[in-house]
Structure formats: structure tokens, C-alpha cells
Amino acid sequence: MIRYKLRTKVILYAVLIVLSVITLFPLLWAVSASLRTDKELFQYTVPFTYHTIIPVEPTFASYVQLFTQFNFLQPLVNTLVLVVILIPLGCLINSIAAFAFATFNFRLKNLLYAIVLASFMIPFEAIAMPLYNVVDGMGLVDTWAGLVLPAIASGLVLFLFTQFFKDIPPSLVEAGRIDGANLAQIFFRIIMPSSIPVFITAGLMIFMDQWNAYLWPLLVARSKNVQTIQIALSSFKMERQTLWSCMYAGTMVSALIPLSLFLPFQKYFVQGVISSGVKG
Amino acid sequence: MNIDVRKRKMIPYLMILPALALILLFKIYPIARTLLESFWVGGSVTLKTWATLLHDATFWNAFWITIKLNLVMIPVQVIVSFCLALLVNANLKGIGGFRTIYFLPFTISLTVATIVWSLMFNTNNGILNSLLAFVGIPPQRFLVDKNQALWCIVVIASWKGCGYWMMFFLAGLKNIDVSIYESARIDGAGFLTTVSRITIPLIKRVSLFVLVANTTANVLLFVPMQMVTQGGPQGSTNVLMYEAYKSAFKYADRARSSAIVTVLLMIIVVVCIFQFKLLQGKQDGGAEA
């Protein structure tokens, strides 16, 4: 184990703390600003004093306004519905395909798997416009299907499952076969329960992708009844330039759910991040 | 019996069918369209779109802004993330907490990051000008200044991204055997020598991934431009990706849009080849020493 001199330790901690302040400042500032009225927010900006940072009279008014006056509940619920549909669907379809890739040998397997790998290296921005035309041609613009269908199959999630399933000992599948279980039973009763971590990671990846998605919902989900949270936030910013506290409150509402999932599941998040780089 | 065997052979195909069909329809087919659409106007093959594009001053302006932005943003993010990873790889009490903090902005969307930072950058009521005034620096115009806006976007994207890229480097650093550092120290190697001669060559694979993925993400970055600057002030943040977005959805010119996206993909490929060569050179140098 490497040990540090006291002086080195002090310097390292100082650097770590300064960087933490830089990282956290915008978030803490947004929390503080969301709890003030616009008047108070502007009044104390210059000159810089204690009250520039700390609210004089903290209030939840802008949060209330956001939900009562600007109907933020709808996009919030929409986005929740979207992830509730997509997480099980995405996990199921990708994991079943991954199980086939990991356990069977069949003709064209390598070619088909190469297509999967190629698909996750294509940046979404590069296909967004033609994809819009595909979805438009199917008459799915401004529908739930338009948001859901293109997002179900994910090369990255499929790859993640395949890597995991490859490491499951074949004896586990064999044992199931000897007991007379069919393939579906083997998958749902043996493989799935022993792969819970990878399902959590995959679920989180799908969640993050959808919750923070911007370009696709911007193009395809324009009407209020399918609008997602990021788009609601962005159009609020463009339409109501002056309502700062509400904007801050909106960003907090949008950030709160991913943050509250991140802290308990950090391990799985990092796993998901790293595994996407394993191939690199 | 025979039928049963044939049925059995079909099973893997049936299992991959839903996923594969969706990938082909929603990923592979659109990328093929992107690459072909710019050559296909009004039912015939033509180079007209490209000829017009290459004589278009707006395109070239956007092209150079994209290059300028990325020449700064990619090295900044990669170097900062690498240094962060070295830092949080230190064997200190509570280091896990710092790791969590630096990774935190990754969980927040670029939309949120853009809004919060754009309010902080505000000329009249922004907190940053207030902090600058506190240390005696006159107020800056940030996102509404044509010389500063692009660099403000670098700040926003880097604040959100560096912790994320740090995690890959950290995973690479964790794979390095500690005993290698020990022997380097016994040989009298200083910190910088150790990093450049041992650490960097040993995490080549991870570095390459970060470079490629970071390049892809940054070259295609457009959320802050679409949300805040709309390519301005005076076209100073009008990157190619935003120009492609506008071509398709404001001017309804799909051929131009896909030609621009094709240019972007070519930029990414060229940069990645360059990075690949650079890193390969590094490792050879390290091996010789």
C-alpha cells in the first residue's frame, strides 16, 4: 500500500475539496435559488453577501406554481410512464436475444452479432433525422409508440446481457434440462434469478437514457400529452425567460428522481458505465 | 423427430428476432438513409447537394466552429478526467465520497446543466458575475458575447461530462498492479515519470475508448446551442450539428441535413484514426524507454 507524507495528504485533500465545491456549487445554488422568490433572487445578487447564497425567506412557492400554474405534473407522469413501459420491455427483449447469442451456435451468428455491435456505435444524433422520417411514415409522430418502439432494442444493453450470460456456467442450464425444464423455464426460473445485478444495471441504463433523452422526444413527442420532462423544461426556459425560481425549481424536479436512484444504486451505475467501455 | 430438430434450429433465430428486427429498422436502416440521402434528390442520384454545401459560407463557418470547439473541448475533458481519476485513485480516507461527488453531474441531464449554467452565466443577475465582482473583476457577458459563448459551452459540457469519463480511467487505473508502482519508486522514478512511462501506456485500451467516445459525444453536441444560444451570438456557436438540425427541421432540407451529418461522421472517423495513431506511438515510446 502506498502511504503519503502529511504534506502530500493535506495538498490532496485541499485539491479534492476545491474540486468538490466546483462540482457541487451549481447544484446547491440551484436548490437555494429554487427556494426563493424572483424578487429576492435578483435583489441579493450584487454585491455578493451571505444572502446571495442563503435564502432570506425560503419558500416552496415556485414549486407550487410549477405544478399548479404550469402543469409540470403531466410531463413528469409521462416520463414515468415511458420508463415504466420501456424498462421491462427493453430488459426482456434484449436479454432473450442475448441469451440466444450467449448459449447457442447458429448460422450467421457472428454476422448478426456484428450488426448488434455496430448499432451501438452509431451515435443517435447521426440517425435522428432519418429515424424521424421512418417513424413519421409509420404514422407514429406524437404517439407513445413513437417514443417507445425505437428505444426498445439497444445494442449496448444487448451486449451487456450477452457478456453476463457468457459467464454463467453451462452446468446450470444442463441441470435444468435434466430436470425436464423447457427453454422458457430455464430462462425465467434459472437464468433470470441468477442475473439480477445485470438486470438492475440494464434497467438503470434504460432509465437514464430515457429520463435524460432530449433530441428524440424533441422531434417526435411535441404535443402536451406525450411531452417528456426534459422537453417541458426546455420549452419552459424558452417561453418564460424571466421566471428564474420556477426554472430552478423545474431543474430540481427533473434532477431529483435520477439523483435519488443514483445514490443507492451507484455500484450498478458504475458497472453500466464501465461495461459500455469494456469493448474499447 | 426430423421436424423437432428443425424446430429446435429455429429457436435461436426466434429469440433474437424481435431485438434484431427493431435494430435493423430503427438503427441500421436510418444510418443507411443518412449516408445515402445527400446523393438522392427528387428521385435521381446527384451531387448537387454537396456542390451547394461546399460553396456555402454558413456551412464553412459552422465547420470551423465545430473544429475550434473540439480542438479545445476534447483535450480539456480528457486531461481533466484523467487527472481526476489519478486523484480519486489515491489511497485516502473518504475518497469514495469524492468519487461520488465528481460522478454526480453525470446523472443530471444536459438540459438541466444547460439551464442552471445559463442562469449562472447571466450578464445582469448571474451569480458568476456577482462572484467576479467580489474579487474585483468587471462583469462579463459570457453567453451573449461572441468571443466567450463557445467557451461557456465548453464549461457546461465539461462540468457535466468529466466525472463520467473519469470513471473509465479509474477502472483502467484499478487494473494496474500496485507492485509496478513500487518497483518504479525503488528505481527512483518521480511522479511525472511514473505517470507518463507506466500509467499512460498501461491504460491504453481505456484511453482509446474514452478518446473515441468523447470525440463522438462532443462533435455531435448541440443541446446548449439549441436551447440557449441558437447558434449565436453572431453565429459564434453555430456548430455543424445544430446546422444539420436546422436544415432538417427549420428549412425542411433533408438532403442538406444528411450531407452535414455525413461530414460530422467523417470528422469523427478522421479524429479517431489520428487518436489511434497518437496512442500507438505513445506505447512504442514507453516500451523503448
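Just so you know, all these numbers are worked out from the coordinates, no wet-lab data involved. Only a predicted model underlies this, so the values are computations on that prediction, with no experimental measurement involved. Cβ sites come from the backbone with ideal geometry, for glycine too, and all protein chains shown count toward neighbours.
About its Cα centre, how strong a charge dipole does the protein assembly as shown have in debye, to the nearest 20, once Lys and Arg get +1 and Asp and Glu get -1 at the Cβ?
Value, rounded to 20: 740 debye.
Quote to one decimal, in nm, the extra length available between A:PHE188 and A:PHE67 on full extension: 0.36 nm per residue of separation minus the C-alpha distance between them.
39.4 nm
I need the calculated FRET efficiency for the pair B:ASN175 and B:TYR29, taking r as the beta carbon distance and R₀ as 56 Å, to the nearest 0.05.
Given R0 = 56 Å and the Cβ-Cβ separation, E is 0.90.
Among B:ILE74, B:ASN125, B:VAL41, whose Cα projects farthest towards the positive end of the dipole of region B:19-172, with charges put on the beta-carbon of Lys, Arg (+1) and Asp, Glu (-1)?
B:ILE74
Please give, to one decimal in nm, the separation of the simple spin-label points placed at B:ILE11 and B:PHE276, each 7 Å out from Cα toward the Cβ.
3.9
In nanometres, what is the gap between the two model label sites at B:ALA57 and A:ILE11, each 7 Å from Cα along Cα-to-Cβ?
Label at B:ALA57, label at A:ILE11, 5.2 nm between them.
Under the definition of Cα pairs under 8 Å and six or more residues apart, what whole-number percent is the relative contact order of chain B?
26
Using the per-residue mean of other Cβ atoms lying within 10 Å as a proxy for protection, in what order, highest first, do the peptides A:184-191, A:266-273 fall?
A:266-273, A:184-191
With an 8 Å cut-off on Cα pairs and a minimum separation of 6 or more residues, tell me the relative contact order of region B:94-147 in percent.
Once normalised by length, the contact order is 23 percent.
Decide, for region B:46-288, between rounded, prolate and oblate: order the square roots of the alpha carbon gyration tensor eigenvalues as a ≥ b ≥ c, take rounded if a/c falls under 1.5, and otherwise choose prolate if a/b is larger than b/c, else oblate.
Note, shape of region B:46-288 comes out oblate.
Non-local amide H neighbours of B:VAL41 (under 5 Å, H modeled in plane, Pro and chain starts lacking H): which ones?
B:THR46
Please list the non-local residues whose amide H lies under 5 Å from the amide H of B:GLY232, H modeled 1.01 Å from N, same-chain partners needing a gap of 5 or more.
HN-HN under 5 Å from B:GLY232: B:THR237.
Say each of B:CYS83 and A:ALA114 gets a label point 7 Å from the Cα, pointing the same way as Cα to Cβ; how far apart are those two points in nm?
4.3
Run lengths n ≥ 4 of DSSP H only: what is the helix-derived mean residue ellipticity at 222 nm for the protein assembly as shown, with -39500 (n - 2.57) per run over all residues, to the nearest 500?
Here the helix-only value at 222 nm equals -22500 deg cm²/dmol.
Give the lysines whose C-alpha is closer than 30 Å to that of B:LYS93, dropping any in the same chain fewer than 8 places away, or say none.
B:LYS93 reaches A:LYS5, A:LYS9, A:LYS267, B:LYS160, B:LYS174, B:LYS204.
Lysines near B:LYS146 by alpha-carbon distance under 22 Å, same-chain residues fewer than 8 away left out - which ones?
A:LYS237, B:LYS68, B:LYS246
With a ≥ b ≥ c taken as the square roots of the eigenvalues of the C-alpha gyration tensor of the protein assembly as shown, please select rounded if a/c is under 1.5 and otherwise prolate if a/b is larger than b/c or oblate if it is not?
Judged from the Cα gyration tensor, the protein assembly as shown comes out rounded (a/c under 1.5).
Using each residue's phi in region B:66-82, evaluate 6.51 cos²θ - 1.76 cosθ + 1.60 at θ = phi - 60° and report the 3J(HN,Hα) Karplus result to the nearest Hz, with x for Gly and Pro.
Once rounded to whole Hz, the list reads 4, 5, 4, 4, 7, 4, 8, 5, 5, x, 4, 5, 5, 5, 4, 5, 5.
For region B:186-289, with only Lys/Arg (+1) and Asp/Glu (-1) charged at the beta-carbon, what is the dipole magnitude about the Cα centre, in debye rounded to 20?
Its charge dipole is roughly 280 debye.
Can you compute 3J(HN,Hα) from phi for each residue in region B:180-192, using the Karplus curve 6.51 cos²θ - 1.76 cosθ + 1.60 with θ = phi - 60°, rounded to whole Hz and x for Gly and Pro?
Once θ is set to phi - 60°, the couplings for region B:180-192 become 4, 5, 4, 5, 5, 5, 5, 6, x, 6, x, 4, 5 Hz.
Calculate, for B:ASP187 and A:SER20, the FRET efficiency according to 1/(1 + (r/R0)^6) with r their C-beta to C-beta distance and R0 60 Å; round to the nearest 0.05.
0.95
How well do other chains shield peptide B:7-16, expressed as the mean number of their Cβ atoms within 10 Å of each residue Cβ?
6
Taking R0 as 41 Å, what FRET efficiency do you get between A:ALA145 and B:THR100 from their Cβ-Cβ distance, rounded to the nearest 0.05?
Plugging the Cβ-Cβ distance into 1/(1 + (r/R0)^6) gives 0.65.
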